[in-house]
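Asks: One structure, pasted below without further comment.
The values are calculated or read from the model by the stated rules, or taken from the named source; none is laboratory data. This is a predicted model, so every value here is computed, not measured. Positions of Cβ are backbone-derived with ideal geometry, glycine not excepted, and every protein chain shown enters the neighbour counts.
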Amino acid sequence: MPGDMPSFRYEMRCEGEGGSIRIAGIDEVGRGPLAGPVVAAVAVIDRTLARRKLLRLIDDSKKLALEDREKAYDAMIVSGAVRFAVGEASVAEIDTINILQATFLAMRRALQAMAEQPDIVLIDGNQVPPELGCRAETIVGGDAASYSIAAASIVAKVTRDRYMLQLAEAFPGYGWETNRGYGSRAHLAALRRLGPTPHHRTSFAPVRNPYGQAVEAD
């Protein structure tokens, strides 16, 4: 069962099968918001370069404060120990193929964007995207159990949050700089007052009828 802190035990278990195996973690963010894309990231950690100082910063992105996520993201880049790629699925794609299929699409795009394809990907959750292109293992609560998945969760979260901040400047009034597109009270009130933008997911019921229960951001 996943523990309180990430480790490399899942990665090491895969390596124990023999041969030179490249193992990546994959995670997504943005399935629940009413606005903005769903973003996935793939991360591979070189353990020969990953120092304890870096690993202490890496955890499930949902557990980290904004400034700690940003610090971890920057540290991963500076260290050279983490190689990663990002993929996303747009609002139009979410509305067309549904959020689950759009999430799978974002994961496939992130994996395809990796310069060197991994042999195995560890995925947070219990579903493997179809046509992923390589072997995959799911780990429920994986973003809190595997360093590779945790690193991917940070990359995905920071990438999406920064994008939502840009959208907040272009579309003021919805509070995206703080709610990141989730259906907060302020966001629902803005939908009632201003109506939806091109970045809202019209397939989501609260966008069509913004009088329901608020959902706060992660």
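Asks: Identify, from the list TYR182, TYR163, the residue that is among the aromatic types (Phe, Trp, Tyr), within 20 Å of the chain's Cα centre (by Cα) and not in a loop (DSSP other than H, G, I, E, B).
Replies: Just a single option satisfies the conditions, and that option is TYR163.
Asks: I'd like the full set of residues that are in a loop (DSSP other than H, G, I, E, B), touching a strand residue (DSSP E or B) at 6+ places or on another chain (Cβ under 6 Å) and surrounded by 21 or more Cβ atoms within 10 Å (Cβ to Cβ), limited to the stretch 115-141.
Replies: Within the stretch 115-141, PRO118 is the sole residue that qualifies.
Asks: State all residues of the stretch 75-89 that are surrounded by fewer than 16 Cβ atoms within 10 Å (Cβ to Cβ) and either touching a strand residue (DSSP E or B) at 6+ places or on another chain (Cβ under 6 Å) or within 23 Å of VAL121 (Cβ to Cβ) (or both); if no residue qualifies, say none.
Replies: Selection gives ILE77, GLY80.
Asks: If you check ARG31 against the conditions, is it part of a loop (DSSP other than H, G, I, E, B), under 27 Å from TYR174 (Cβ atoms), touching a strand residue (DSSP E or B) at 6+ places or on another chain (Cβ under 9 Å) and at pLDDT 95 or above?
Replies: Taking the combined requirement at face value, the residue satisfies it.
Asks: For the stretch 29-74, give me each residue that is surrounded by 21 or more Cβ atoms within 10 Å (Cβ to Cβ), more than 14 Å from the chain's Cα centre (by Cα) and of a type in the set (Lys, Arg).
Replies: Of everything in the stretch 29-74, nothing turns out to be surrounded by 21 or more Cβ atoms within 10 Å (Cβ to Cβ), more than 14 Å from the chain's Cα centre (by Cα) and of a type in the set (Lys, Arg).
Asks: Of all residues in the stretch 142-179 being surrounded by fewer than 19 Cβ atoms within 10 Å (Cβ to Cβ) and of a type in the set (D, E, K, R), which is nearest to LEU54 (Cα to Cα)?
Replies: The residue in question is ARG162.
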